[in-house]
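Q: Next up is a structure, given as structure tokens.
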Amino acid sequence: MALVVQKYGGSSVSDAHSIKRVAKRIAEARRAGNDVVVVVSAMGDTTDELLDLAAQITPLPPQRELDILLTAGERISMSLLAMAINNLGVKAKSFTGQQAGLITDAVHGRARIVDVVPSRIRETVSKGQVAIVAGFQGVTTDTNDVTTLGRGGSDTTAVALAAGLGADVCEIYTDVDGVFTADPRIVPSARKIDRVTYEEMLELAASGAKVLALRSVEYARRYGVPVHVRSSFGNATGTLVVGTYGDRIDPNAPAGEEEAAMEAPIISGVAHDRSEAKITVVGVPDVPGMAARIFEVVAGAGANIDMIVQNVSVAATGLTDISFTLPQGDSPATMGALTAVQGELGFASLQLDDQIGKISLVGAGMKSHPGVSARLFGALRDAGINIEMISTSEIRISVVTRADSLDDAVRAVHTAFDLDSAEGEAVVYAGTGR
Ligand code: ADP
Ligand code: ASP
Ligand code: MG
């Protein structure tokens, strides 16, 4: 008998009919003899709708109140799902994040899980009942207030519970058949990946492939939780996120197969991100300590910066420009903080650009293959797309483009690296992609 944690995303529970459909799957898993713990997201686009509603009340809602509001979304779906499962003759009970023992730090809106104490979940499961847990939320022991884990946080709830309960697998049920070589909403010819390492999935998630939330992958890697990403609309095997790059080369593989493993794909996929903005600090005096001071101010504003580019100063003026990217949501506070120190730092002006897109090419094999960057830049050139910023890690190359050329860039690069599937189009079963 296995202990399975199943997570159902918002598009899998978007209305009463879908909730009943998902309830049937859960009841089947239980009747097959598994211990089942379910994590559920808010119905459809509920979280976005709640955010829109708050924005109509005030542009800057207090974070504590916003968190209480947002946790309501998952409370609705968890109770409805428990009702639907009970209706099928299988006992189920729903729990908020707090009741399930998801303890977080006190950073409202993007709290980190610091402990999982799932005693009530264990007790429920030991009675043969299905435990349904509201995703994306926890409680901070600092103030006893409820917190949320950041967008997509139900994935993190699921992986953390799987780790805390010692589950055999964490199944992430969503609206596509698994992790693809690109977002199937943009690249219909994207290929499903059967198996991907934690490292590659980390880079894909960090680069915007929202099929798994970044922190859920970090958590899975740290605790060695096998994650299976699959569709809730069918029974096909999805993508297994497990192991490291070295594991791909199986020392016991028969001759020939070992070689095939060594030739594992250079590129695992192409990710994109439209959620960032670019700030340029124009005319910065090129003297030691300026970058340190600017990024102290940026950090003080609570911004998580991504790429940074500093140009060589123009000899005649001794001035340089520094550009960096950050989440769009962090830009108002960051612009405010930098404006406040303009006199002190003596730069000429600030520019905010929120019409940027980022495309990232990810693959552990690129470490040992020259020419990947040249091929990437060549594909963008052939598609007539201008490159604004570039950054690289060991297994990733990211490029900033105009937001309106991002989709074309993703398709061009996907094709240039021979990632297109020969087996027809990827299916997107539901969801609005919001
Ligand atoms: P859920 O509601 O189940 O949490 P999400 O919308 O958060 O679903 O994540 C699933 C979506 O992620 C897909 O519908 C797809 O548009 C998007 N996506 C982005 N990149 C990828 C990728 N590489 N593979 C699969 N899906 C991706
Ligand atoms: N409902 C939350 C969101 O939309 C959490 C999740 O779906 O994972 O971000
Ligand atoms: Mg999600």
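The values are calculated or read from the model by the stated rules, or taken from the named source; none is laboratory data. Source: prediction; values computed, not measured. Virtual Cβ from ideal backbone geometry, glycine too; neighbours counted across all protein chains shown. For the accessible areas, the whole protein counts, side chains as well, though only heavy atoms, and no ligand, DNA or RNA atoms are used. Shrake-Rupley method; radii C 1.70, N 1.55, O 1.52, S 1.80 Å.
Q: For the chain, what proportion of DSSP beta bridges, expressed in % and rounded to the nearest 5, is antiparallel?
A: Here the share of antiparallel DSSP bridges comes out near 60 percent.
Q: Per 5 Å bin from zero, what fraction in whole % of the C-alpha pairs of the stretch 270-406 is there, up to the bin with the longest pair?
A: 2, 9, 19, 19, 17, 14, 11, 7, 2, 0
Q: How much of the pair distance distribution for the stretch 96-192 lies past 15 Å, counting alpha-carbon pairs only, in percent?
A: 64 percent
Q: While we're looking at this one, here's another question. Which cross-chain or sequence-distant (5 or more) residues have an amide H under 5 Å from the amide H of Ser94, H modelled 1.01 Å from N in plane?
A: So Ser94 has HN proximity to Ile132.
Q: Hey, in the GNM for the chain with a 10 angstrom Cα cutoff, which one of Asp67, Asp382, Asp177 fluctuates hardest?
A: Among Asp67, Asp382, Asp177, the largest mean-square fluctuation in the Gaussian network model of the chain belongs to Asp382.
Q: How much area per residue is accessible in the chain when the probe is 1.4 Å and only protein heavy atoms are counted (Å²)?
A: 44 Å²
Q: Above 29 Å lies some portion of the pair distances; for the chain, what is it as a whole percent of all C-alpha pairs?
A: When every Cα pair of the chain is considered, 51 percent fall beyond 29 Å.
Q: Let me ask another. Do the sum for the chain: with -39,500 (n - 2.57) for every DSSP H run of n ≥ 4, divided by all residues, what is the mean residue ellipticity at 222 nm, to the nearest 500 deg cm²/dmol?
A: One gets -10500 deg cm²/dmol as the mean residue ellipticity at 222 nm.
Q: Right, next: Rounded to a whole number, what is D in µm²/s for the stretch 265-324 from Stokes-Einstein with the Kirkwood radius over alpha-carbon pairs (20 °C, 1.002 mPa s)?
A: In µm²/s, the coefficient rounds to 158.
Q: Among the lysines, which have Cα under 20 Å from the Cα of Lys7 when same-chain residues fewer than 8 positions away are ignored?
A: Within the straight-line limit of under 20 Å, Lys7 reaches these lysines: Lys20, Lys24, Lys91, Lys93, Lys192, Lys210.
Q: Separate question: Residues with amide H under 5 Å of Glu171's amide H, sequence separation 5 or more or different chain, H placed in the peptide plane at 1.01 Å from N; which?
A: Answer set, sorted by chain and number: Val5, Gln6, Lys7, His228.
Q: What residue among Thr237, Thr401, Thr181 shows peak mean-square fluctuation when the chain is described by a Gaussian network model with Cα springs under 10 Å?
A: Its mean-square fluctuation being the largest, the pick is Thr237.
Q: Tell me the carbon and sulfur percent of the accessible area for the chain, rounded to whole percent, probe radius 1.4 Å.
A: The computed percentage sits at 52.
Q: Anything in the chain that counts as a DSSP H helix reaching 20 Å or more along its axis (C-alpha) with Kyte-Doolittle mean of at least -1.0? List them, would you?
A: 16-31, 63-87
Q: I want the local charge near His228. Using Cβ-Cβ distances under 13 Å, sum +1 for each Lys or Arg and -1 for each Asp or Glu among the other residues.
A: It works out to a net charge of -1.
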